[in-house]
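The values are calculated or read from the model by the stated rules, or taken from the named source; none is laboratory data. From a predicted model like this one, the values you see are computed outputs, not experimental measurements. Using ideal geometry, Cβ is built from the backbone for each residue, glycine included, and neighbour counts are taken over all protein chains shown.
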Amino acid sequence: MVSRRRFVGGSLAGLAGLAAAASVVDGFLLEPQRAVAEHVEIKLPRLPEAFDGFRIAQLSDIHFGPYMTRPELDRAVNLAKEFKPSLVALTGDFVSHPWRQHNGLEGAKNAEPCADAFADWKSVPILAVLGNHDHWNDADLVGGALAERGIEVMRNKALPIEKDGQRLWIAGVDDVLEGWADLSRTTAGIPANEATILLAHEPDYADLASKAGIDLQLSGHSHGGQVRVPGVGPLVLPNLARKYHTGLNRVGNLQVYTTRGIGVINPPVRLNCPPEVTLITLKKAR
């Protein structure tokens, strides 16, 4: 006969085993495919009155390849479309290399099916910056695939958006980690008194952007860590995403929002860190 103590101990061990197995199933098979819509309101003191309520849908770190398929990406894009944004911001890392291959031409080719998911979205401007994985595979091929489908690739440039005689600037730097960012060149034509939103793949670039009169920086790169332990936070974070790795942070007068992104890299797991489509509403700070 099994003693009550042994029965309880065995039952608890069994439950712990089941919980661990459930976490593995969730982390590898379920959570990476359950993109969620994160609604974020950001108040900017210098936001022109005409842009009060302006909506931006941000998608980042798609990593189209072995762990991101077109149906998964379509679900994320549909979440963004339902928001009816005035602007779509894509903040880098569009591709990953194929399974058991190295970065290169085959990885860069994944930009084509990735960009196809946005090709029929003609009613709203779509602006993009490149990330380190785009450069590791082939930045020119990735950027070219995006541009061919009507996506404006911001490689150290800025564009104004005009509404009711007022302007909001959207700037974009090329990848920071690979040394291609040039903030001085990017902001050279922006008047000092006009509000500016910067797209920069790596969030810790905010330390430099905060000194350049930028109001808001939108970034990705961190994936939120992919695995987050309650009470501890992300276990592993990449270089240039260790300070401002998740959500909304402030650096002086600059605010920086870092999305968890929608894709993964090896290991292809997410735990307590679901994929994110960021739906931002800008408000004039009173």
Conditions (1) surrounded by fewer than 16 Cβ atoms within 10 Å (Cβ to Cβ); (2) touching a residue at least 12 places away in the same chain (Cβ under 8 Å); (3) not polar (S, T, N, Q); (4) not in a helix (DSSP H, G or I) -> Val88 fails only (1)
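Look at the stretch 241-268 and say how many of its residues are under 19 Å from Leu59 (Cα atoms), in contact with a strand residue (DSSP E or B) (Cβ under 8 Å, 6 or more places away or on another chain) and hydrophobic (A, V, I, L, M, F, W, C). Outline the logic, then answer.
Residues of the stretch 241-268 that are under 19 Å from Leu59 (Cα atoms), as a first pass: 241, 244-249, 255-265, 268.
Restricting the remaining residues to those that are in contact with a strand residue (DSSP E or B) (Cβ under 8 Å, 6 or more places away or on another chain) gives 241, 244-249, 255-264.
With hydrophobic (A, V, I, L, M, F, W, C) added as a condition, the list becomes 241, 248, 256, 262, 264.
Total meeting the criteria: 5.
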Complete set of residues in the stretch 185-222 that are in contact with a His (Cβ under 9 Å, 6 or more places away or on another chain) and charged (D, E, K, R): Glu202, Asp204
Please work out which one of (1) at pLDDT below 95; (2) assigned to a helix (DSSP H, G or I) is the condition Ser123 fails and give its number. (2)
I'm trying to understand the selection: among the residues of the stretch 32-64, which are over 26 Å from Glu194 (Cα atoms) and in contact with a Phe, Trp or Tyr (Cβ under 8 Å, 6 or more places away or on another chain)? Pro32, Ala37, Ile62, His63, Phe64
Regarding Tyr257, is this residue touching a residue at least 12 places away in the same chain (Cβ under 8 Å), more than 22 Å from Glu152 (Cα to Cα), aromatic (Phe, Trp, Tyr) and crowded, with 23+ Cβ neighbours inside 10 Å? no
Could you list, in sequence order, all residues of the stretch 68-85 that are under 19 Å from Ile161 (Cβ atoms) and buried (at least 16 other Cβ atoms within 10 Å of the Cβ)? Ala80, Phe83, Pro85
Pair list, Cβ < 6 Å and 6+ apart or interchain, from the stretch 208-223 residues that are more than 10 Å from Asn253 (Cβ to Cβ) to residues that are of a type in the set (Phe, Trp, Tyr): Leu218/Tyr257
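Determine whether Val95 is surrounded by 16 or more Cβ atoms within 10 Å (Cβ to Cβ) and under 16 Å from Thr278 (Cα atoms).
Values: surrounded by 16 or more Cβ atoms within 10 Å (Cβ to Cβ): yes; under 16 Å from Thr278 (Cα atoms): no.
For Val95, the condition - surrounded by 16 or more Cβ atoms within 10 Å (Cβ to Cβ) and under 16 Å from Thr278 (Cα atoms) - is not met.
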Residues of the stretch 224-242 being exposed (fewer than 15 other Cβ atoms within 10 Å of the Cβ), assigned to a loop (DSSP other than H, G, I, E, B) and at negative phi, in sequence order, are Pro230, Val232, Leu235, Val236, Asn239, Arg242
Report yes if Leu29 is farther than 27 Å from Asn156 by Cα, part of a helix (DSSP H, G or I), hydrophobic (A, V, I, L, M, F, W, C) and at pLDDT below 65, otherwise no. yes
So Glu194 fits all but one of (1) under 23 Å from Lys157 (Cα atoms); (2) outside any loop (DSSP other than H, G, I, E, B); (3) in contact with a Lys or Arg (Cβ under 7 Å, 6 or more places away or on another chain); what number is the exception? (2)
Quick check on Ile280: is it in contact (Cβ under 8 Å) with a residue 40 or more places away in the chain, under 24 Å from Gln33 (Cβ atoms) and not in a loop (DSSP other than H, G, I, E, B)? yes
